[in-house]
Amino acid sequence: MKANIEKSIETAAMDALMVRLFDAIDEANMAWVIAADQALRNAFGSMLIDLVPSYTTLLLHYDCQQLTHSEAIQLIHKALSGLTPVDTQAGELHDIPVWYDESVGPELPLVAKRAGLSIDELIEQHCNHDYCVFALGFAPGYGFMGLVDESLATPRLKTPRRKVAAGSVGIADRQTAIYPLLSPGGWNILGRTNVPLFEHAKRGEPLFRPGDKVRFRAISREEFAADGGDTTPMEERP
């Protein structure tokens with residue numbers, strides 16, 4: 001199936017354009033967003049400085065020494081004309097072991113109560129889906145993933161924590177993510193993983209890429225510790 005999908009092209013800076021493809025977040029969008037990313041990279045070539053795909057948009061930074069604003073817009077229209085969605089099954093599936101425990105996942109009881117589930121049922125449900133990586137951002141290696149089941153959707157904390165431990169796995173609305181390094185944050189923390197996301201990103205090889213899938217797998221405290229995981233309890237409570 002081919003289509004002309006760009007809804008709008010907005011000026012983001014004197015040398016950057018925001019290409020809006022959709023209005024609402026949906027896993028089905030990613031086949032088009034990734035196809036648009038590939039088409040724009042091919043079309044701009046050396047004239048492209050950076051291209052950042054996200055849930056519904058792509059932020060394109062071009063070399064204004066080589067292209068005028070109007071030429072860049074015309075090139076975008078041409079690149080996206082008759083676009084064909086990619087096969088999203090080609091993305092990598094990542095298995096992420098998580099120690100779910102209130103000592104490192106202080107919002108486990110809160111999210112479970114909102115969903116009308118026991119903590120064990122919440123953990124099972126969070127692990128029972130392959131989450132799509134929609135975008136990278138916030139911190140090196142941080143992947144925004146979704147969509148979590150509507151019953152698990154939980155608003156961000158009213159007061160963000162000053163410190164969220166590296167490896168913390170959280171939920172915000174219908175998104176889920178892993179904090180790659182110690183940082184502030186307002187997501188509802190459910191557990192912790194020892195997968196070194198920041199180290200991958202620091203080497204210029206992020207573990208996750210848009211279009212990948214992530215599956216969480218519950219492990220015991222003993223398994224987590226044996227793998228070198230940090231079992232230090234979360235310091236701050238909301």
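Some points to look at:
- Selected residue (criterion: most open to solvent (accessible area, probe 1.4 Å)) from residues of the stretch 184-209 that are out of contact with any Gly (no Cβ under 8 Å at 6 or more places or on another chain) and assigned to a loop (DSSP other than H, G, I, E, B): Arg203
- Qualifying positions in the stretch 135-165 - assigned to a loop (DSSP other than H, G, I, E, B) and open to solvent by less than 50 Å² (accessible area, probe 1.4 Å): Gly137, Ala139, Gly141, Tyr142, Leu147, Val148, Ala153, Leu157, Ala165
- Residue count, the stretch 21-60 (criterion: open to solvent by 40 Å² or more (accessible area, probe 1.4 Å), in a strand (DSSP E or B) and more than 16 Å from Gly137 (Cα to Cα)): 1
- Meets criteria (charged (D, E, K, R) and buried (at least 16 other Cβ atoms within 10 Å of the Cβ)) for Asp212: yes
- Of all residues in the stretch 98-115, none are closer than 20 Å to Ala12 by Cα and either assigned to a loop (DSSP other than H, G, I, E, B) or modelled with pLDDT of 95 or more (or both).
- Sole residue being modelled with pLDDT under 90, over 30 Å from Glu223 (Cα atoms) and in contact with a Cys (Cβ under 9 Å, 6 or more places away or on another chain), chosen from Met30, Met14, Met1: Met30
- Residues of the stretch 74-109 that are surrounded by fewer than 16 Cβ atoms within 10 Å (Cβ to Cβ) and either aromatic (Phe, Trp, Tyr) or touching a residue at least 24 places away in the same chain (Cβ under 8 Å) (or both): His77, Lys78, Ser81, Gly82, Thr84, Asp87, Ala90, Glu92, Leu93, Asp95, Ser103.
- Cβ separations smaller than 7 Å between residues 6+ apart or across chains give the following pairs from the stretch 205-217 residues that are at positive phi to residues that are in a strand (DSSP E or B) and crowded, with 21+ Cβ neighbours inside 10 Å: Gly211/Val133.
- Consider the stretch 110-134 and keep the residues that are in contact with a Lys or Arg (Cβ under 8 Å, 6 or more places away or on another chain) and buried (at least 16 other Cβ atoms within 10 Å of the Cβ). The one that is farthest from Met30 (Cα to Cα) is His129.
- The stretch 171-180, residues that are open to solvent by 20 Å² or more (accessible area, probe 1.4 Å) and either of a type in the set (D, E, K, R) or farther than 21 Å from Thr159 by Cβ (or both): Asp173, Arg174
The values are calculated or read from the model by the stated rules, or taken from the named source; none is laboratory data. These numbers come from a predicted model, not from an experiment. Neighbour counts run over all protein chains shown; Cβ positions are idealised from the backbone, glycine included. Protein only, heavy atoms only, side chains kept; ligands, DNA and RNA dropped before computing areas. Shrake-Rupley method; radii C 1.70, N 1.55, O 1.52, S 1.80 Å.
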